[in-house]
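Encoded as structure tokens, the structure appears first; notes follow it.
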Amino acid sequence: MTHTIAVAGKGGTGKTTLSGFLIDALVRRNNGLVLAVDADANSNLNEVLGVDIEETLGDIREDIAQSGISAEPKVPTGWSKQEYMDFRFNNAIAEEDGFDMLVMGRTQGKGCYCFVNGLLQAEISKFANNYRYIVVDNEAGMEHISRGILPKIDTLLLVSDCSRRGIQAVGRIAKLAKDLGLTPGTVGLIVNRAPDGELNDGIREEIELQGLDLLGVVPHDEMIYEFDSAGKPTVLIPESAPVRKAFDAIISKLNFN
């Protein structure tokens with residue numbers, strides 16, 4: 001069975017970095033192939049993982065939508081529409097050691113993309129069966145999940161910085177998930193970039209007010225800034241670094257088997 005993990009939070013809280021650490025942790029556990037999905041319009045999970053992306057699903061979606069009034073793809077002679085779509089989607093998957101990656105990307109055109117979103121849903125559902133885990137680095141609004149493009153969520157990880165506004169933002173996301181009828185087996189909060197890895201009484205109070213289950217706290221670590229400034233993939237930060245040790249402890253508690 002494929003286990004789908006969605007990571008969501010307010011912009012700038014470090015959810016993409018933690019998504020990268022999560023993917024790396026699952027790969028190191030060697031429990032099965034991982035599909036990494038970057039569903040944020042501001043795509044940069046591939047940089048955290050050190051993956052080169054040639055084509056995004058948004059590129060494909062745009063190409064199809066611009067190909068005619070009916071949004072039918074321009075299929076090469078001798079190909080069926082399904083064969084052509086399979087070819088395009090297969091080319092959009094970046095294959096790495098222990099994981100594959102899809103970047104949703106964004107579109108530039110106007111108009112309804114319902115037809116193309118339906119194709120995306122069908123193709124992703126088909127590919128999902130090949131993976132033990134799907135990790136989705138989601139945008140704050142959970143747009144792709146709310147549209148039903150991605151599979152159901154088994155685990156929802158809410159990432160906040162060490163601020164009341166961040167906690168309130170993930171509280172709203174948790175409520176949105178419930179309003180959408182999503183029923184993850186686990187919904188938990190990770191507080192990122194905490195000074196010395198500690199939370200003060202005000203933040204703990206806000207977590208309680210929002211009714212959130214605190215999975216753990218990840219300390220602020222200058223090494224992330226240093227790796228980013230040097231253009232190095234963040235997942236190459238040593239496992240002995242405080243930020244990696246704290247996050248690995250959280251992942252161990254979640255018992256992904």
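A compact table of results
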{"quantity": "Count of residues meeting criterion [assigned to a loop (DSSP other than H, G, I, E, B), touching a Leu at 6+ places or on another chain (Cβ under 7 Å) and either modelled with pLDDT of 90 or more or not aliphatic (A, V, I, L, M) (or both)] in the stretch 131-146", "calculated": "2"}
{"quantity": "Complete set of residues in the stretch 32-46 that are surrounded by fewer than 19 Cβ atoms within 10 Å (Cβ to Cβ) and either modelled with pLDDT of 95 or more or assigned to a helix (DSSP H, G or I) (or both)", "calculated": "Leu33"}
{"quantity": "Residue, surrounded by the most Cβ atoms within 10 Å (Cβ to Cβ), within the stretch 54-99, restricted to residues that are among the polar types (S, T, N, Q), at pLDDT 75 or above and in a loop (DSSP other than H, G, I, E, B)", "calculated": "Thr56"}
{"quantity": "Filter result for Ile149 (out of contact with any Pro (no Cβ under 7 Å at 6 or more places or on another chain), among the β-branched types (Val, Ile, Thr), modelled with pLDDT under 90 and closer than 23 Å to Ile134 by Cβ)", "calculated": "yes"}
{"quantity": "Some residue of the stretch 21-31 being within 13 Å of Met104 (Cβ to Cβ) and modelled with pLDDT under 90", "calculated": "no"}
{"quantity": "Residue check, Gly202 farther than 30 Å from Gln121 by Cβ, modelled with pLDDT of 95 or more and either outside any loop (DSSP other than H, G, I, E, B) or touching a His at 6+ places or on another chain (Cβ under 6 Å) (or both)", "calculated": "yes"}
{"quantity": "Qualifying residues in the stretch 177-229 (those that are among the small types (Gly, Ala, Ser) and farther than 22 Å from Ser240 by Cβ) - the one surrounded by the most Cβ atoms within 10 Å (Cβ to Cβ)", "calculated": "Ala177"}
{"quantity": "Hits in the stretch 126-185 (condition: closer than 30 Å to Gln82 by Cβ, hydroxyl-bearing (Ser, Thr, Tyr) and touching a strand residue (DSSP E or B) at 6+ places or on another chain (Cβ under 8 Å))", "calculated": "Tyr131, Tyr133"}
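The values are calculated or read from the model by the stated rules, or taken from the named source; none is laboratory data. Because the structure is predicted, anything quoted here is derived from the model rather than measured. No Cβ is skipped: glycine too gets one built from the backbone with ideal geometry, and neighbour counts run over all protein chains shown.
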